Structures are given as structure tokens and as C-alpha cells.
Amino acid sequence: MKNTDVTALGELLVDFTENGLSEQGNQLFEANPGGAPCNVLAMLTKLGHKTAFIGKVGKDHLGNTLKSKVAGLGIATAGLYQDETVHTTLAFVHTFPDGDRDFSFYRNPGADMMLTEKEVDLERIQDSKIFHFGTLSMTHEAVRNATKKAVEAAKAAGTIVSFDPNIREPLWESMDICRKQVEYGMSKCDILKISDNEIQWFTGETDFTEGVKKIKSQYDIPLILVSMGKEGSRAYYGDQMVEAAPVLQKHTIETTGAGDTFGACVLHYVLNNGLENLSEDGLKEMLTFANAAASIVTTRKGALCVMPSEEEVNALVAEI
């Protein structure tokens, strides 16, 4: 019996999100804890799961704050290290009128890149039901090696592997290197969560079903989720394709963390139901809940500390 529901490895950083103008007309930013893998854990913890994080922040004020916030949410932080010399990674989130966003990263280097192979808690990963990762921990060689060591340990232990590419193009030396790391992730995962623009880039297909067929022809991935923003989401499982409509909010502020919230809800469903013999009705229920949860996060600044409760999500689903 595995004692941790989900362990995730990757970036933990500060998202500086736009928050109006000062009296002098200068742009104001709010420092929100963030980082995709930890966002996923925050939602899972809110849903009652036991979670653990592996990563690195700086031994600075922001790093101390992040570690305190993550621990305060109930996520195990024994695998969260603090680098003595490299500062905590920063991301400035620039929001567009429709709620979509662009990122500027201060990470050359950033502490999240400094995680080493020897710092990866293999026992924790082997004792987890699901291991989750993305590609920000694969942009540079040292942290890439740490990530791959974790993935291989998960595979050897029979842990379900979840992968969300979560590609941030400015962080890659080249998109060819990025493609190789996405290929690696796909070759190892049991659950793939991929966004609409990522699947188009990776497969060259504008039709998502054709894109998924291409991926399935190369990789044995039981469950593939395609998040399509304002168009909703899809689940591809065996020969089934199930689609759920989006839950659109009148008061969307920004979409940071929406995909992570969605992905967490998928993992929540898998923890409760397994990966075997999933039904069309079950997949539709999973997607509807995940879409609703993601939509709630778009009405809030940041993601990590503002995840909705199961009751909130169910209340919104009931309204649909």
C-alpha cells in the first residue's frame, strides 16, 4: 500500500501578477506563489489527498515565503531544498484583456534549475500512487537528469506517471531540445495532459483528434487529456473520445493555474477510480468537474493559495 497519493517534481516560483497602477501611473504587481507542479498538488490537497513536493527555491526571503506557504497548505516539503547561492525563480505574468497571459521569466539561473539527482527522494516517489512532472524541470542538464531519475524510479515502482508538458518557449535554448524532452515524457507517462497549442505544435495537426492519433501511434498512453481553453476539454481513452463544454465565467481575471487545476482534478478522479475500464459517463463527469474547478481559478489572482474546495466545484457543477 502506497502512503502518498501524489508526489510532484518541478518548479516552485513567484508569479508577479498585474494588479493595477500606482498613483504615479506605474504598474503594480502582486507576488503570488506559483509553479505548475505545485499548483497541481495544492488542488489535490484541497480535495483531501496526501501530497509531497520535490524541488528547490532560493535561501532568500521569497524562497522562505514559498516554503512556508506550501507547508501551510498541507503539502509535504521534506523534498523542497533551498539553494545558498542562486535566487528563487521569478515569473512576471502579463495579462491580456481576454484573461490570457504571457510570461517573462527571471531564471538565468533560477533556484528551481539547481535541483540535483542526489536530492531526489526516491523512496517518497516509490511510495506514491502517482508521480507528476512537466518540462520546466527539463530545460537544463542537471535538473533534467534529476527529473529523469525520478521518472525512472516511479516506473520501476509501478507508480502511475502523469505528465503535463506546460511548455514555456522562452526558457528553452531551442525548440528541438524541448521536443526531445516532450518525447521523453510521452514515452514514460500513463496520463498526458496537453493544451491545444501544444498538441498543434507537437503533431502539426490542427484537428486535435488527429493529433492524438499521431501521439497514440508512437506512445502507449492510456489516458490523454486535451485542454482547449474557452472550447472546453477532451479525454481520449482507448477508442473513446469524450468532450465536455467549458464553464465560462463573467468575472475572469486571468487564466494562470487553470490548466494545473484541471489536471489535478483528473488525477483526483484517477485516484478514486483507477485507470482501468473507465466509462464514457465517468470520463464526462471527470471533465465537467475539472472544467468547473479550472473556471473558478480564473476568477482569482494566482493559483497555489486560492484553489476551490470540492463543495465549491460541486455547487458550480450543479448550476450548469
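The values are calculated or read from the model by the stated rules, or taken from the named source; none is laboratory data. Just so it is clear, the structure is predicted and the values come from calculations on it, not from any experiment. We place every Cβ from the backbone using ideal geometry, glycine too, and count neighbours over all the protein chains shown.
Quick notes on this one:
- Residue ID - surrounded by the most Cβ atoms within 10 Å (Cβ to Cβ), chosen from residues in the stretch 297-320 that are within 15 Å of Leu44 (Cα to Cα) and under 17 Å from the mean Cα position of the chain (by Cα): Ala303
- Residue within the stretch 178-190 that is of a type in the set (Ser, Thr, Tyr) and more than 19 Å from the chain's Cα centre (by Cα) present: no
- Among the residues making up the stretch 88-120, those that are of a type in the set (A, V, I, L, M) and either touching a His at 6+ places or on another chain (Cβ under 7 Å) or outside any helix (DSSP H, G or I) (or both) are Leu90, Ala91, Val93, Ala111, Met113, Leu115, Val120.
- Taking the criterion of being closer than 29 Å to Gln27 by Cβ and more than 17 Å from the chain's Cα centre (by Cα), the only residue of the stretch 72-82 that qualifies is Gly72.
- Ser22 vs. criteria over 15 Å from Val93 (Cβ atoms), out of contact with any strand residue (DSSP E or B) (no Cβ under 7 Å at 6 or more places or on another chain), free of Cβ contacts under 8 Å to residues at least 40 places away in the same chain and among the hydroxyl-bearing types (Ser, Thr, Tyr): no
- Meets criteria (in contact (Cβ under 8 Å) with a residue 12 or more places away in the chain, of a type outside the set (Phe, Trp, Tyr), part of a helix (DSSP H, G or I) and crowded, with 22+ Cβ neighbours inside 10 Å) for Ala146: yes
- Lone qualifier among Thr77, Thr85 - being in a loop (DSSP other than H, G, I, E, B) and either modelled with pLDDT of 95 or more or in contact with a helix residue (DSSP H, G or I) (Cβ under 9 Å, 6 or more places away or on another chain) (or both): Thr85
- All helices (runs of 4 or more DSSP H) inside the stretch 226-320 with 1 or more residues being within 22 Å of His132 (Cα to Cα) and either among the hydroxyl-bearing types (Ser, Thr, Tyr) or free of Cβ contacts under 8 Å to residues at least 40 places away in the same chain (or both): 258-273, 280-297
- For the criterion of being under 21 Å from the mean Cα position of the chain (by Cα) and in contact (Cβ under 8 Å) with a residue 60 or more places away in the chain, Lys56 passes.
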